[in-house]
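Let me begin by presenting the structure, written as structure tokens, before commenting on it.
The values are calculated or read from the model by the stated rules, or taken from the named source; none is laboratory data. Since we're looking at a predicted model, the values are computed, not measured. Note: ideal-geometry Cβ built from the backbone for every residue, glycine included; neighbour counts use all protein chains shown. Accessible surface areas use protein heavy atoms only, side chains included; no ligands, DNA or RNA. Shrake-Rupley method; radii C 1.70, N 1.55, O 1.52, S 1.80 Å.
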Amino acid sequence: MWRNYLTVGIRALAKNKTYAFINIFGLAVGMAACLMILLFVRYEMSYDRWIPEGERIYQIQSWYKTSETAQEAQLHMTPYPTGKAMVKDFPQVEKEVYVNNNEPVFMKDGEATSTENYLWVDSNFLEVVPLPMAQGDLSALSQPNTAVITRSEARKRYGTESVLGRTMTLITRGKSRDFRITGVLEDLPKNSHLEIDALARIDFVAYNADTPQVLECWGCQNGYVYVKLRPGADPSTIQAGFPAWEKRNIPDQSAGDARFNAGDDQDWHIVNVRDVHLGKAQSGAMRVGNDRGTIITFAIIALLILGMAVVNFTNLATARASQRAREVALRKVLGATRKQLIFQFVGESILIAAVAMLVALALVELLVPPFSAFLDADLELNYFGTDAIVLPVLALVLVVGVLGGLYPAFFLSRFQPASVLKANKSSAETPGSGRLRSVLVVGQFAVSIGLIICTAVIYGQTVYARTVDPGYNRSHILQVDELSRYALIGKGEMIAERAGRIPGVKAVGRTTIGVATDNNSNTGVMVPGRTDPVGIGNYQVDEGFFDTMGLRLSAGRWFDEKRPLDDMTLPYPPEPNAQRALAQRGGNVVVNELAAKRLGFNDPARILGKTFRAAIVDNEIGLVPVTVIGVVKDTRFRSVKLPLDAIMFSNVNSGHTHMVIRFDGDPAGVRAGVERMWKGFAPDVPFNAKFSDDIMVELYEAEDARAKTFAGFAILAVIVACLGLFGLAAFTAERRTKEIGIRKVLGARSRDIVRLLAWQFSKPVIVANLIAWPVAWWVMRDWLNGFDVQMALGPTPFVLAGALALAIALGTISGHAFRVARSNPIHALRYE
């Protein structure tokens, strides 16, 4: 019996090759999309699950919510004292370790090169976070001045992995430090929130000897804290105990008559390392994470595309019902039961699904490498063994086969032999099937139109984010990093002056904030009449920063090097006497419009000459009186996803982190000239510079990737929908051949026939728009709300998506329509 069913099924497919191709290829596309997303979702959920004892290892995160503006920021970082205080107060904590990623300069054979992912750690890092070792063991950092390095970094730096016992020289904070390599790490997989090329043990007390306040500062975010809990410890108990723990450990601070506490706007969270990648906190991360919402969205879209392929099968099966009605009737006359017929048709559906799966697996094999490269992930397709997909594949075949064939099986098996075997009954439309097909086609195109709209909106927002006015002139800027290196302290002014002589350079400025930098420096400003400080971003610049960045004044003036009160430079490291002198005399500052509003002045001109007190020196010395001499237009230096910064600029001549250069002419020539000048001044400091355009591309790289992904899904959805529409058009045109012949005999022209068929298939697309538009608007409105500045969600993407879907639909069925409309009616009306 089963062999007979198989034979009948194969013959039915071979008899109608168009039907077979549409079903098999459509299902293959849907299955391939589903399998690709399965690999992606499984990969995203696998982050850090390879770390031994990962269930006991936690990252301590600091989350902020300012009481003044209710702005939130969730950081992976946390202050240095956190770990020590947790060990003291929480017996559940077995060990803690502090990690700092202040990247040093690598010195070898007198040549300085940049480093990435070099971490300063305590001696017990590998005991808290046991990473896989290629050489050595987890005690490799137990001795002072030791380091471990990954296999790939060893090959990069030394040309070999046999580096045990070698001395690695690193320069940090102006000091050359030698570390003996005592271990080699296996290269960490990409599915980790950790990015590590080397670990160097360091004494953080001695390391911060110049700035010891950092070790006691509860508002400073300079590194990461990891803890290992004792076996059986409940992290929720620690989380519940954090509020009381904050009160016990974080002291009230005072600066003059101002009182504040670093814990007021800050909450601590304990997060398992396996949950860091997809956690709520994504700022200050070693490696950019993801969010569960994105993964869930992609999974839903993949299932929708697969559902569309199943819908095609159902549509075409019901459309072909009239062609198989006599077969069903004859089988029933010969004794077949309805149950047997249902098994037969479901079996045919599973056969089609199995063939489609073979095609889908071939597509996945071809697409996994480029898909993996696009995601920068290590996606692997394993049929057996670890992470095998053989069971999901079999389950997908069965589910798709049953879902696709169940309704047609019940639909076809209910035909009554007596009514079907009447003359010409087999070619009639089955009651109710046309309405179902219309509903399913509407659903297909609603999904397609929705994805096209989402793609258009995401792309439009990305373009808008790059082109929206940031409040300064972002074009033709070369931004140089590493200006904060100790080797350059005292040389910044001379470097800027020499850079200004390079042909093509129009202006040079130094700053601690620039184009999409990660620097965050906030301070409290006391306003007369208020007891609580106002949080304002405090950034240092020089006199050339204004012209270089193309800032625009709203009121007042910029800094002038001839006016002594404009200069607020302090020596480094900060000397108490110099800080006291600054606190006594005060200084001048420039603020942006948002800062002026935060300080109580909506009119920029009214804040000019007003004096406030700011915490810009050590708290025990007091507050510094600052007088506002100018107000600049609001400037957005960071991503449009982040709230606009309220900024106070102070004029200093040392301690800057970046140099910005405005140029005119050949970008490559300017960069080469700046690099030659830089190496002449600072051969021990690597030259790192990027053009502003390149920085903006990197800044919105995630949005670009999301837009491309949605575009890919939209193309797949449109292909699957058009395959189904193509098949329906073919069967409809075939079934209505005599009707069209009669219409032509009665005087209908070819364009009338085309219009008739086009309207029949246009109606579902028009209805699909009415469904897709409000759903897409709601989804995209919610997504756009994640940006501080967003494009207007007007009708353009909706109308364009609807028009595009309609054009695709008409193009899909136009071939059938013209062929049928131009056929000779004599052939259609001849006697059968």
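Descriptive notes on the structure:
- Gain on full extension, evaluated as 0.36 nm per residue between L303 and M45 minus their Cα-Cα distance, stands at 91.1 nm.
- Of the trypsin sites (Lys or Arg not before Pro) found in the range 175-247, those that fall in a DSSP loop while having at most 15 other beta-carbon atoms within 10 Å are K190.
- A Förster radius of 22 Å, combined with the Cβ-Cβ distance separating A395 from R292, puts the computed FRET efficiency at roughly 0.40.
- Among the protein heavy atoms of the range 114-180, carbon and sulfur supply 40% of the accessible surface, probe 1.4 Å, non-protein parts ignored.
- Set of aspartates and glutamates with alpha-carbon distance to K562 below 16 Å, sequence-local pairs under 8 removed: E493, D542, E543
- Close Lys pairs in the range 161-286, defined as Cα atoms under 29 Å apart and 8 or more places apart or on different chains, number 5.
- Three-way shape label, the range 604-659, alpha-carbon gyration tensor, a/c 1.5: oblate
- Selection of GluC sites (Glu not before Pro), the range 580-682, meeting DSSP coil and at most 13 other Cβ within 10 Å: E620
- For the range 450-511, accessible area per residue (1.4 Å probe, heavy atoms of protein chains only), Å²: 41
- Of all aspartates and glutamates in the structure, those lying under 14 Å Cα to Cα from K690, and not within fewer than 8 positions of it along the same chain, are D481, E482, E675, E698.
- Taking all protein chains into account, the per residue accessible area for the range 101-247 stands at 42 Å² (1.4 Å probe).
- Potential extension, Y64-A373 segment - 0.36 nm per residue separation minus Cα distance: 107.7 nm
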